[in-house]
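A short write-up of the structure that comes next.
The values are calculated or read from the model by the stated rules, or taken from the named source; none is laboratory data. Because the structure is predicted, anything quoted here is derived from the model rather than measured. Positions of Cβ are backbone-derived with ideal geometry, glycine not excepted, and every protein chain shown enters the neighbour counts. Heavy atoms of the whole protein, side chains included, go into the accessibility calculation; ligands, DNA and RNA do not. Shrake-Rupley method; radii C 1.70, N 1.55, O 1.52, S 1.80 Å.
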Amino acid sequence: MPTFKYSVMSRDGKKVNGVIEGFNELDAVSRLKENYPIVLQITEEKPAGKMAKFMSMDLGGNKLNDKAFTLMCSQFAVILKAGIPIRRTVELIADKMTDKTLKRILEQVAKDVEGGRSLSVSFAERGGKLFPVTFLETIRAGEEAGSLDASFDSVSKHYAKQSKMKGKVRGALIYPAFVLVVAIVVVIVLMVKVVPTFTAIFDSYDAELPIPTQILIGLSDFFRKYWMIMLGIAAVGVLIYKLYGNTEKGRLNLAKMQLKLPVLGNIANLNAASQYANTMAMMLQAGLAMTKSVTITSRVLDNYYISQAVGKITARLEEGHTLGASLREAAVLPDILVDMTAVGEESGELAQTLTMTAEYYDAELEQATADALAKLEPTILVFLAAFAGFIVIAIYMAMFGMYAAM
């Protein structure tokens, strides 16, 4: 997504400079005006060279703790419902916050709110790209509607649901990942340590070795002689992938490729449908306009190709087309989701319809992920068993040949 440098005037009359991402210049200006009334200047940044991009890769830094963030949202909802003023609410939560990153931000936000700045603007400025755009927009809508406690309650439930889904996937991945690591270690030990021991014995064997044994010895020699070259090739491959993925064309092509992969492509499509339905439902329930809801939703979709396609349908909406018809033209989301969107529009209950549809795709995504992981584990075990069996057969064939020649 293109990046734009901007110079704006804040509501308190201060000049602010920075950078922002957007589908185009109009989208970037629209996003800026959500926080700043006057945009003084905006220019698109030229793409950096490959080496510059590599040198500027994000190698770490502050990350949002999902559990701490969800807890913070629920605390805001509970305390605000009790009638505590917003400034005091922020101070109370900041005082009890154990996550250092969130604690630092909340302390700054408390000072901003005390100085008269709105909560949503302060979160956007102090949190930078740390906070999800859905969180910031929902809080802003809650401030404008005077239902801030309901907005925090909504985002709390939304991110608790997401965190639960991630936890399930992460938990299911632990055992297959462990088995894969063990398989790799076993193969390396066998090829580098065990097989060379038998090779020394076979060298004294004058007769021709069986073909499986010759293949095994050749593989072992290759591993021992060229392991550094193999490691280097792997590192170069990862570097090329990263550099290509950092370009606009590369990121788009890799996203398309992801959707066409066997098994994983289905999971990517279901994940996009789940994210779209959940986010759109929350945005519409927060009271945001249709075009703005679609724009925000497009930014949170993981797959870049689908994100771009969904973001571009706002132009069709502004021309008077329905959301269902626009999604059908884009042809990037499942047909059931598109049909349910159209039904929701016709009935005037789009948010409720998307909420029910989101539950369906959440269940489908969870089942598809579980099925994929269930297939992965035996596949790894079969590969490991087959490789170990080949090694045993190759060694025993050579040993039987030696005994026969004695």
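Want the number for residue 19 to residue 385: 0.36 nm per residue separation, take away the alpha-carbon distance, what's left?
Net length gain for the segment: 126.4 nm.
Taking the chain as the region of interest, what is the percent of Cα-Cα pairs per 10 angstrom bin, listed from the shortest bin to the one with the maximum distance?
Whole-percent P(r) values from 0 Å outward: 4, 16, 23, 23, 14, 9, 6, 4, 1, 0.
Would you look at the GNM of the chain, springs on alpha carbons closer than 10 Å, and say which of 350, 119, 381 moves the most?
381
With a 1.4 Å probe and every protein chain left in place, work out the accessible area per residue of the chain in Å², rounded to a whole number.
I get 56 Å² per residue for this part.
If a paramagnetic tag sat 7 Å from the Cα of residue 44 along the Cα-Cβ line, which residues of the range 1-20 would have the backbone N under 18 Å from that point?
1-7, 19-20
Need the full-extension length gain, residue 189 to residue 289, defined as separation in residues times 0.36 nm minus the C-alpha distance. One decimal, nm.
Separation in residues times 0.36 nm, less the Cα-Cα distance, equals 30.0 nm.
Take the residue pairs 129/292; 63/312; 14/292; 14/100 and return only those whose Cα atoms are more than 24 Å apart.
63/312; 14/292; 14/100
Thinking of the range 328-406 as a set of Cα atoms, what percent of all their pairs are more than 17 Å apart?
Above the 17 Å cut-off, the range 328-406 has 69 percent of its Cα pairs.
If I stretch the segment between residue 349 and residue 219 completely, what's the gain in nm (0.36 nm per residue apart, minus their alpha carbon distance), one decimal?
Computed gain between residue 349 and residue 219 is 40.4 nm.
Choose one answer from 285, 41, 75: the residue with the largest mean-square fluctuation in a GNM of the chain with alpha-carbon springs under 10 Å.
Maximum among the listed residues: 41.
Taking the alpha-carbon centroid of each part, what is the distance from the range 250-293 to the range 333-406 in angstrom?
One Cα centre to the other: 20 Å.
If packing is taken as the mean number of other Cβ atoms within 10 Å per residue, what is the order of 354-367, 313-326, highest first?
So the order, starting with the most tightly packed, is 354-367, 313-326.
Quick one: with all protein chains in place, what share of the accessible area of the chain is carbon or sulfur, to the nearest percent (1.4 Å probe)?
61 percent
Sort out for me the Cα centre separation of the range 67-94 from the range 139-175, rounded to whole Å.
About 15 Å separates the Cα centre of the range 67-94 from the one of the range 139-175.
Between residue 373 and residue 322, what FRET efficiency follows from the Cβ-Cβ distance if R0 is 51 Å, with the result rounded to 0.05?
Plugging the Cβ-Cβ distance into 1/(1 + (r/R0)^6) gives 0.85.
Once every DSSP H run of n ≥ 4 in the chain is given -39500 (n - 2.57) and the sum is divided by its residues, what mean residue ellipticity at 222 nm do you get, rounded to the nearest 500 deg cm²/dmol?
Calculated mean residue ellipticity at 222 nm is -24500 deg cm²/dmol.
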